[in-house]
Amino acid sequence: MSAAQTSTFAHARYVLGENPVTLIAALLFAGYAAMAVLGPAIAPYDPLASDTMRALQAPTWAHVFGTDQLGRDILSRVIVAARVDLGIALASVVLVFAAGGLAGLAAGFFGGWVDAVVGRIADTIMAFPLFVLAMGIVAALGNTIPNIVLATAIINFPLYARVARAETMTRREAGFVDAARLSGHRDGALLVLQVLPNIMPIMVVQMSLTMGYAILNAAGLSFIGLGVRPPTAEWGIMVAEGAGFIVSGEWWIALFPGATLMLAVFCFNLLGDGLRDIADPRRRT
Amino acid sequence: MRAILLRLVGAIPTLFGVVLVTFLLTRVLPGDTATYFAGPTASPESIAQIRTSLGLDRPLPEQFWRYLVDLGHGDLGMSLTTGQPVKTELVNRLPASAELTLCGLLLAIGIAVPLGVLAAVRQGSLIDHACRVVATAGVSLPVFFTGLLLVYVFYFLLGWSPAPLGRLDAFASAPKQHTGFYLVDTLWAGDFETFRAAAAQIILPAGTLALFALAPIARITRASMLAVLGSEFIRTARASGLSGPTVVLTYALRNALLPVVTVLGMVFSFLLGANVLVEKVFAWPGIGSYAIEALIASDYAPVQGFVLTMAVLYVLLNLAIDLVNRAIDPRARRGA
Amino acid sequence: MSAVLRVQDLSVAFHTRGGVVRALDRVGFSLGAGETMALVGESGSGKSVTAYAIMGLLEAAGRVTGGQAWLGETDLLAADLSRIRGRRVAMIFQNPRAALNPIRAVGAQIADVLRRHGGASRFNAGARAIEALRAVGIPDPARRAKAYPFELSGGMCQRVMIAIAVAANPELLIADEPTTGLDVTTQAVVMDLIQAMAARTGMATILITHDLALAAERAQRIAVMHAGHVVEEADTATLLAQPRHPYTARLIAATPTAAGSLDDLQSVPGGLPDLRRDDTPPCRYAARCERRLASCDGALSVRALAPGHQVACTNPLEAAA
Ligand SMILES: Nc1ncnc2c1ncn2[C@@H]1O[C@H](COP(=O)(O)OP(=O)(O)OP(=O)(O)O)[C@@H](O)[C@H]1O
Ligand SMILES: [Mg+2]
């Protein structure tokens, strides 16, 4: 282990020790990851099996989160939904990480017209209220999960492009790119070998920070009836289905998926803050 | 004045970009636009008819030109479900959305700015910690969920607020329209009974929006207030014996508001999106719920009109933010 | 002559993550009416902290841990300073542009102080602010009153600062490096202005500076600070001719010409000691001192070698014949 690595680990340990909240967030994250990976295997019931005899039951020991209007077990649905929600968010974040990251990298590295074009695209996206733009995209491209992923990626594009561009510019100005060019590397090789590894940490932090937003966005789209369709278990849809029952007092149908969703977003936001502290000690707040 | 005009002109490329994107969203689709516009139950003949009537058989630039011309006449197309021109519906429903968003924003600013200021002035105190929790938790809230929670607590459990069904309960009648804002129009008419009814309806949805917008405003207020309080000119103000309120409010806060005003642009972006969700939860008859109904019916023209309206509103809001910034900051005024 | 300001055994500590920084240790000096005293020392020696402690402007981490500061009959460490700052003691700072509110017209900033202390009303504060600007020699004051700091030169900003400071005719003005960062001609103009204002109102001045040459030119008395101690205090002529503390002697040797500043010269060997350590020696100069004796590790006391000439040294230099 190199000295730099040791100090990063030491710093990470220090941050976790100073800030137990990040530790809690990491544990929560592990829980969500387990739900997403194991999903159906750990759900106590079939998430789609309806049983009108058991409809609208308040939480009991048999059904810890109660049952919905079709008698489906809410706990099982909440667990199974993790894969859908986190999957959509992760896919969109990976997509925008690749697209936005590369665009920003190119803009920062080449400057000139590349920079101008990327900047124009980012500005045009930013000129819309983002959720509204996502609605418009999904409505236009068609009401499917891949399009939800795409829309969520597009509205995050400016953020990633900007961060990647700014970081690339700093590395450029630091001069070692020029040094490498003098020693005979070509542009493509330079980008991949010199710049990319250097902007990786900050981009990963960015991913974790936007995961929460991506989850919120996807769930919001499902809530208004875009993307995932019933009877698929998904947190936003489940809240939408429970919405009608809130006024008559059946709180559990919306509460559990909603709270699970909220906690997931909270967990990613905390984790992002924590990771940022580890990656970039200067920017601690 | 000249500067304001210049800024207006500067917004034109952005507006053009917005219009272009909304246009492309309808025309460059994987599916067939005419089928889309005709709705799911149309016959092949009617689709063909729509294609020619929409000019979809023409080259794209020409289509775009016609789109621009239509826009210039305020023509946003017809809604297939209601049979009404989209423009009429949007204009009728816009005040409801605007009133809700503005109430939410004012509520958020009214709470978040004092909270951020107190947190900065009393750094490390209870209120400071409260502010930090709010700032992190607030951005994690799915508005549609918090809205439902508020309905459950304040309508179902406590019975304090009326049923979450629109701008007025069934017994009240809408005030004579001046601004379209019920809270203003009722006062205008001196109808306090209806004012109370309208206020009772709006408080929960506006509160939901405020809860959401609170976090970024409080966070940035606290941070910029801390920075300003540590700056040299505040030390001068203290050294010249100016009173505490003068130092904190006249000297520190006005400077600290500059970044807050800038961040409002981002807050508006979130708020206009959240507005759509909140309108659905509270059956609020604004342009958001109009768009949602149209979306579900695959009625595309209203959605397109909605996206365009929101984007134009957002551009204008950003313009307004810029002007406020100028009003506060002489450097922005004289600089450009 | 009764003293305008009497500082005795003033100690200040900062509580930081790295430990307690004992930034001032039993600092003492006094100042007569109308007198100009310079507080001289290298960066970090505690000059600004002394001023802030007197003004009650220490940041939250800093505490006065002992001593006294009397402004005439007023105990500054106990009094309600909000009625004293700006009215009886005023302060001006280095980097005047940053020391003014960037988004408030300078006339309004002067008017704020006049209304607070000078008995001006909302009605006439504006006109009196313009008068104040005229008094500090700003041309076309009515127009300049509407200007913002970013529209004025550094020298102009410092004049505005002076106008703010003298608005209420204070008894004491503390000028913390008022000319650092200004060009040489402006420096002289600003110093002349401060002295003219002091002469007109009988105001005493503490001039804080790195620059021994400037101090020699402008002050009647000089107190030399080193690492939170006042190591020597005397009238200017005596101090320059017969320095008794080894540090003072080094400073003088390091300031060969009138234009020289301490920062340009490395002739004072070593650096300031770490003030966080509990075993800081009684004499904080000992580690750098070539005259150090075994007895230097014992208690350090301030000795009056002559009336008005104090030195904090166990083994002071001989007085020149
Ligand atoms: N906020 C603080 N926290 C910790 N220590 C401080 C703080 N402010 C001042 N100090 C300590 O007080 C010492 C004196 O600082 P001061 O600002 O008075 O120096 P100075 O003589 O005015 O120097 P300069 O010429 O650079 O202005 C510093 O060396 C530092 O150790
Ligand atoms: Mg200083």
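So what's the angle, to the nearest 10 degrees on a 0 to 90 scale, between helix C:122-135 and the longest Cα principal axis of chain C?
Taking the Cα atoms of chain C, the angle to C:122-135 is about 60 degrees.
Sorted from largest to smallest, which semi-axis lengths in Å does the alpha carbon gyration tensor of region B:90-335 give for its equivalent ellipsoid, taking the root of 5 times each eigenvalue?
36, 21, 18
Tell me, how many Å apart are the Cα centres for region A:118-142 and for region A:219-285?
22 Å
Counting Lys and Arg as +1 and Asp and Glu as -1, what is the net charge of the other residues whose Cβ lies under 14 Å from the Cβ of B:Gly180?
Neighbourhood net charge equals 0.
What does the accessible area per residue of the protein assembly as shown come to in Å², with a 1.4 Å probe and no ligands, DNA or RNA counted?
43 Å²
What percent do you get for the relative contact order of region C:152-243 when only Cα pairs under 8 Å and 6+ apart count? Walk me through the numbers on the way to the answer.
Numbers: 82 pairs, mean separation 20.7, N = 92.
Relative contact order comes out at 22 percent.
Interface A/B, total buried accessible area with a 1.4 Å probe, nearest 100 Å²? Write down the numbers at each step before the final one.
Details: alone 14120 and 17950 Å², together 28440 Å².
Separately minus together, A and B give about 3600 Å² buried.
Which semi-axis lengths, in whole Å and largest first, follow from the square roots of five times the eigenvalues of the Cα gyration tensor of region C:1-101?
21, 18, 15
If contacts are Cα pairs under 8 angstrom and at least 6 residues apart, what is the relative contact order of region B:90-335 in percent? Can you show the working numbers first?
On the way: 303 pairs, mean separation 69.3, N = 246.
Worked out over region B:90-335, it gives 28 percent.
At the nearest 100 Å², what buried accessible area, both sides summed, do you get for B and C when the probe is 1.4 Å?
Values: alone 17950 and 14520 Å², together 30430 Å².
Result for this pair: about 2000 Å² buried.
Would you pull out the residues with amide H under 5 Å of C:Val230's amide H, same chain only if 5 or more places away, H placed 1.01 Å from N?
C:Gly28
Over all Cα pairs of region A:2-283, how is the pair count split among 5 Å bins, expressed in % and running from 0 up to the last occupied bin?
Over region A:2-283, the share of Cα pairs per 5 Å bin runs 1, 6, 11, 13, 14, 14, 12, 10, 8, 5, 3, 2, 1, 0, 0, 0 percent.
Pairs of alpha-carbon atoms within less than 8 angstrom and 6+ residues apart define the contacts here; what relative contact order does region B:231-336 have, in percent?
Computed over region B:231-336, the figure is 25 percent.
In whole angstrom, how far apart do the alpha carbon centroids of region C:278-321 and region C:1-52 sit?
Value for the Cα centre distance between the two parts: 18 Å.
Hey, if you drop one equal point scatterer on each alpha-carbon of the protein assembly as shown and run the Debye formula without solvent, what base-10 log of I(q)/I(0) do you get at q = 0.04, 0.08, 0.09 Å⁻¹?
Scattering profile of the protein assembly as shown, log10 relative to I(0): -0.27, -0.93, -1.08.
Taking each pair of different alpha-carbon atoms in region A:96-161 once, compute 1/r for the pair, average those values, and report the inverse of that mean as the Kirkwood hydrodynamic radius in Å to one decimal. Display every interim value, and only then the final one.
Working: mean 1/r = 0.0822 Å⁻¹.
Evaluated over region A:96-161, this radius sits at 12.2 Å.
Which ³J(HN,Hα) values in Hz, rounded to whole numbers, follow from the phi angles of region C:179-190 under the Karplus curve 6.51 cos²θ - 1.76 cosθ + 1.60, where θ = phi - 60° and Gly and Pro get x?
Here the 3J(HN,Hα) series is 10, 4, x, 9, 6, 4, 5, 4, 3, 5, 4, 5 Hz.
Going from the alpha-carbon gyration tensor of region C:96-169, what semi-axes, largest first and in whole Å, does one get by taking the root of 5 times each eigenvalue?
Details: eigenvalues 61, 28, 26 Å².
In descending order the semi-axes read 18, 12, 11 Å.
On a 1.4 Å probe surface of the protein chains, which of C:Cys289, C:Cys157 comes out largest in accessible area, and what is the full order? Each step should come with its number before you reach the end.
Values: C:Cys289 25, C:Cys157 0 Å².
Reading off the accessible areas and sorting them downward yields C:Cys289, C:Cys157.
Cα extents of chain C along the three principal axes, largest first, in whole Å?
So the extents along the principal axes, rounded to whole Å, are 68, 42, 41.
Under a Cβ-Cβ cut-off of 13 Å, what is the net charge of the residues other than B:Val113 that fall near it, where Lys and Arg count +1 and Asp and Glu count -1?
Once positives and negatives cancel, what remains is +3.
The values are calculated or read from the model by the stated rules, or taken from the named source; none is laboratory data. Everything numeric here is computed off the predicted structure, so don't read it as measured data. All Cβ positions, glycine included, derive from the backbone under ideal geometry; neighbour counts span all protein chains shown. Only protein heavy atoms, including side chains, enter the accessible area calculation; ligands, DNA and RNA are left aside. Shrake-Rupley method; radii C 1.70, N 1.55, O 1.52, S 1.80 Å.
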